[in-house]
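Input: a single structure, listed below in structure tokens.
The values are calculated or read from the model by the stated rules, or taken from the named source; none is laboratory data. Quick caveat, the model's predicted, so the values are computed rather than measured. Backbone-built Cβ (ideal geometry, glycine too); neighbour counts: all protein chains shown.
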Amino acid sequence: MGRLAERLRGLRDRGEKALIPFVTAGDPNLEVTEAIVLAIAEAGADAIELGVPFSDPMAEGPTIQRASERALASGTSLRRVLELVSRLRPRLDTPLVLMGYANNLLSMGEVGFAEAASSVGVDGVIAVDLPPEEGPEYFAALRKAEVDPILLAAPTTSRDRLAMLAKETRGFLYLVSLTGVTGARQSVSNTLEEEVAAVREISDVPICVGFGVSTPEQAARVTAFADGVVVGSALVDRIARAPSAEAAVDAAARFVGELRAALR
Amino acid sequence: MSTPKREIAGAAPKGMHSEADARGRFGEYGGRYVPETLIAALDELAEAYPRITGQADYQRELEDLLTTYAGRPTPLTLARRMSDDLGGARIYLKREDLAHTGAHKVNNVLGQCLLARYMGKPRVIAETGAGQHGVATATAAALLGQECVVYMGAEDVERQALNVFRMELLGAEVRPVESGTRTLKDATNEAMRDWVTNVRDTYYCIGSVMGPHPYPTIVRDFQRVIGIEAREQILQAEGRLPDLLVACVGGGSNAIGLFHPFVEDDGVGMVGVEAAGEGLDSGRHGAALCAGSPGVLHGMRSLLLSDDDGQIFPAHSISAGLDYPGAGPEHAFLRDAGRASYEAVTDDEALDAFVYLSRMEGIIPALETAHAIAHVRKIAPQLGTQALVLLNLSGRGDKDAPQAKDLLAARAERT
């Protein structure tokens with residue numbers, strides 16, 4: 001079992017919930033991202049998602065779109081994100097997950113990417129636009145390299161498909177909380193609890209909910225039935241609005257601390 | 001007049017075949033590279049499309065719209081002066097410029113918007129570059145009483161104010177897209193985001209033979225009417241099939257519409273003409289089939305313009321309709337299979353051809369179409385006088401007149 005699965009199983013055994021913050025790597029630059037990752041790990045993140053910026057992020061709302069643009073403008077590339085992970089890994093035991101898009105993630109080739117990710121200490125990868133049917137070589141290469149390919153499920157996903165996704169995913173199943181793109185929302189979907197229950201009926205894979213979860217209250221509500229929660233845009237927004245790099249690190253750590261407190 | 005789905009009578013499938021497999025792939029290209037939310041919608045579409053378009057009611061209604069509304073069949077015109085001037089092949093023009101809204105786009109939007117109605121989706125969305133597909137979708141939506149939202153890059157909104165007005169006049173809402181390069185590819189991303197969000201009641205009417213399966217097949221099938229008609233017409237005019245088909249390629253819908261009914265005719269050559277922009281070496285072009293590499297964008301695996309890191313390059317062309325960093329997966333397949341070849345012509349050559357056809361035949365072509373004309377000008381003199389070339393005159397150039405006026409004035413100043 002990899003670091004990510006082990007962490008999530010451990011939390012579940014102790015009756016605790018997983019807090020998984022998302023930041024876009026390289027926003028505003030990779031040095032600041034490095035400091036933010038260390039600070040939010042310290043503030044209580046159970047795993048951290050690093051967004052790999054792509055020029056055409058189809059599933060992102062405006063907040064992460066703009067973060068991706070800033071990251072690309074600061075010279076961020078997949079190779080540099082992998083270098084960031086290799087710098088972080090000796091100082092950090094927190095599982096790290098890359099989240100990005102197929103054209104970017106596959107630019108090194110399936111095996112090349114899987115081996116590079118494994119060697120620097122990436123624990124899982126989420127490819128937003130790569131359903132399992134389209135990337136058998138990619139999923140096989142990741143598993144062989146002992147990196148978890150994490151799959152998404154959506155409110156529109158059929159029951160049969162949900163069973164397939166729950167079976168094929170590794171680490172956890174990323175349940176998209178709404179039919180829509182990433183971004184902060186006023187409220188959490190009413191049907192979410194039923195969707196989580198539907199997965200529970202067919203699988204004991206840990207379920208983490210993301211897309212649209214933006215406040216400590218929402219995070220607490222979601223984790224009343226899910227195993228964990230991913231918070232992205234609301235954190236990215238705090239980093240973007242901070243007047244300086246130091247303020248961004250502080251704001252990120254403070255917000256993750258508030259989320260952590262709400263999950264206890 | 002044939003419906004788009006009908007097969008060509010008497011065509012023996014002895015040569016190659018070009019259809020997506022069960023996974024929506026043309027060889028290594030195509031597929032469904034989309035966020036999980038859209039999988040159910042694509043499944044629904046893949047189920048509904050053959051079922052609905054196979055119904056007699058649907059076929060009758062579409063055929064009626066194509067005939068009595070869009071003005072089909074469009075004529076095939078022998079370009080006498082152009083043929084004489086170039087001193088080689090006899091050149092025929094398939095006159096999609098005479099279809100309603102002035103381009104081939106209407107064939108596709110009528111098919112898809114009618115499909116949306118049969119599927120019970122009251123809201124239609126579309127992406128547009130210069131505004132041609134947006135205008136066409138707004139037209140079909142007005143005709144069929146559908147709500148219509150068109151996404152358009154903010155830069156294109158500024159450059160194409162007249163088309164924005166047309167769409168609004170037709171009752172559509174135009175939403176400017178401020179992200180990325182503020183052009184067609186970003187408008188496509190935003191349309192995908194809308195669809196992800198409103199997938200239950202919304203039909204996404206894609207404008208070219210691109211995007212996730214089954215769109216490349218759907219759009220191709222609706223555009224096949226071009227090639228089916230042209231085939232009958234040239235047989236009637238000349239008693240034989242043409243030697244060469246030529247069409248411009250952005251996403252590639254007018255080209256595939258002309259090519260596909262001839263794919264199995266071994267003797268018929270096919271050339272798709274892309275935008276070389278300022279030159280293929282300049283890095284400022286839209287020639288994904290000539291100079292791109294395999295990758296994933298907008299739900300499909302195809303040939304794309306992207307860098308070593310997998311970031312998409314902004315495309316460039318004088319013609320907004322060719323200003324796209326990819327091309328449809330079936331074109332990538334036909335290229336690899338050697339069944340069609342792809343060439344590129346520069347902005348300057350296209351502008352020359354825009355003027356040339358206007359003076360030679362009294363037809364002002366779209367700047368997109370001018371790329372195909374520019375290529376024919378190059379190759380026709382090398383072909384024998386017995387050769388037959390069929391060029392898809394995909395759209396008329398009224399929309400480009402203001403831009404062409406400025407470009408020609410700027411050129412006159414330089415010389």
**Prompt:** Taking segment B:61-83, which residues are touching an Asp or Glu at 6+ places or on another chain (Cβ under 7 Å), assigned to a helix (DSSP H, G or I) and surrounded by 15 or more Cβ atoms within 10 Å (Cβ to Cβ)?
**Reply:** B:MET82
**Request:** Inspect segment A:212-224 for any residue being farther than 15 Å from A:GLU16 by Cα and crowded, with 24+ Cβ neighbours inside 10 Å and give the result as yes or no.
**Result:** yes
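Find the strands (runs of 3 or more DSSP E) located wholly in segment B:226-345 whose residues include 1 or more that are in contact (Cβ under 8 Å) with a residue 12 or more places away in the chain, away from every other protein chain (no Cβ under 14 Å) and within 25 Å of B:LEU367 (Cβ to Cβ), and list them. Quick ask: steps written out before the conclusion?
Details: elements: B:244-248, B:269-277, B:293-297, B:299-304.
By residue number, B:244-248, B:269-277.
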**Message:** Is it the case, given these coordinates, that B:LEU86 is crowded, with 18+ Cβ neighbours inside 10 Å and over 22 Å from B:ASP243 (Cβ atoms)?
**Reply:** no
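For segment B:125-174, give me the residue count where each residue is assigned to a strand (DSSP E or B) and either crowded, with 17+ Cβ neighbours inside 10 Å or of a type in the set (Phe, Trp, Tyr) (or both).
Going through segment B:125-174, the residues assigned to a strand (DSSP E or B) turn out to be B:125-128, B:147-153, B:173-174.
Pick out the ones that are also either crowded, with 17+ Cβ neighbours inside 10 Å or of a type in the set (Phe, Trp, Tyr) (or both) and you get B:125-128, B:148-153, B:174.
Total satisfying the criteria: 11.
Can B:ILE52 be described as under 25 Å from B:TRP195 (Cα atoms), outside any loop (DSSP other than H, G, I, E, B), over 19 Å from the mean Cα position of the chain (by Cα) and at pLDDT 95 or above? Spell out the reasoning first.
On the way: under 25 Å from B:TRP195 (Cα atoms): yes; outside any loop (DSSP other than H, G, I, E, B): yes; over 19 Å from the mean Cα position of the chain (by Cα): yes; at pLDDT 95 or above: yes.
In short, yes.
Applying the selection to segment B:35-69, what residues are more than 14 Å from chain A (Cβ to nearest Cβ) and either closer than 30 Å to A:GLU60 by Cβ or of a type in the set (Asp, Glu) (or both)?
Start the filter on segment B:35-69 by keeping residues that are more than 14 Å from chain A (Cβ to nearest Cβ), which leaves B:48-69.
Selection gives B:ALA48, B:TYR49, B:ASP57, B:GLU61, B:GLU63, B:ASP64.
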**Prompt:** What residue, among those in segment B:191-220 that are surrounded by fewer than 24 Cβ atoms within 10 Å (Cβ to Cβ) and part of a helix (DSSP H, G or I), is nearest to the other protein chains (Cβ to nearest Cβ)?
**Reply:** B:THR197
**Request:** Keeping to segment A:140-157, report how many residues are more than 9 Å from chain B (Cβ to nearest Cβ) and either crowded, with 22+ Cβ neighbours inside 10 Å or assigned to a loop (DSSP other than H, G, I, E, B) (or both).
**Result:** 7
**Prompt:** When residues of segment B:281-323 are filtered for being touching a Ser or Thr at 6+ places or on another chain (Cβ under 6 Å) and polar (S, T, N, Q), how many remain?
**Reply:** 1
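Could you identify the single residue in A:PRO90, A:PRO57, A:PRO53 that is at the interface with chain B (Cβ under 8 Å from one of its Cβ atoms) and either at pLDDT 95 or above or not in a strand (DSSP E or B) (or both)?
Working: A:PRO90 fails: at the interface with chain B (Cβ under 8 Å from one of its Cβ atoms); A:PRO53 fails: at the interface with chain B (Cβ under 8 Å from one of its Cβ atoms).
Residue meeting the stated conditions: A:PRO57.
Limited to segment A:121-137, what total is found for residues that are crowded, with 17+ Cβ neighbours inside 10 Å and away from every other protein chain (no Cβ under 11 Å)?
Result for segment A:121-137: 5.
In segment A:158-201, what residues are β-branched (Val, Ile, Thr) and either surrounded by 23 or more Cβ atoms within 10 Å (Cβ to Cβ) or more than 9 Å from chain B (Cβ to nearest Cβ) (or both)?
Correct list: A:THR169, A:VAL176, A:VAL181, A:THR182, A:VAL188, A:THR191, A:VAL196, A:VAL199.
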**Fill in**
Of those in segment A:60-74 that are of a type outside the set (A, V, I, L, M, F, W, C) and buried (at least 24 other Cβ atoms within 10 Å of the Cβ), the residue nearest to the other protein chains (Cβ to nearest Cβ) is A:GLN65
**Prompt:** Counting just the residues of segment A:93-116 that are more than 14 Å from chain B (Cβ to nearest Cβ) and among the aliphatic types (A, V, I, L, M), which one comes out nearest to the chain's Cα centre (by Cα)?
**Reply:** A:VAL97
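Residues to consider are A:PRO155, A:PRO131; find the one that is under 28 Å from B:ASP194 (Cα atoms), of a type outside the set (Lys, Arg) and touching a Phe, Trp or Tyr at 6+ places or on another chain (Cβ under 8 Å).
Numbers: A:PRO155 fails: touching a Phe, Trp or Tyr at 6+ places or on another chain (Cβ under 8 Å).
Residue meeting the stated conditions: A:PRO131.
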**Unique residue being among the aromatic types (Phe, Trp, Tyr), closer than 20 Å to B:HIS298 by Cα and in contact with a helix residue (DSSP H, G or I) (Cβ under 6 Å, 6 or more places away or on another chain) when the list is A:TYR101, A:TYR138** = A:TYR138
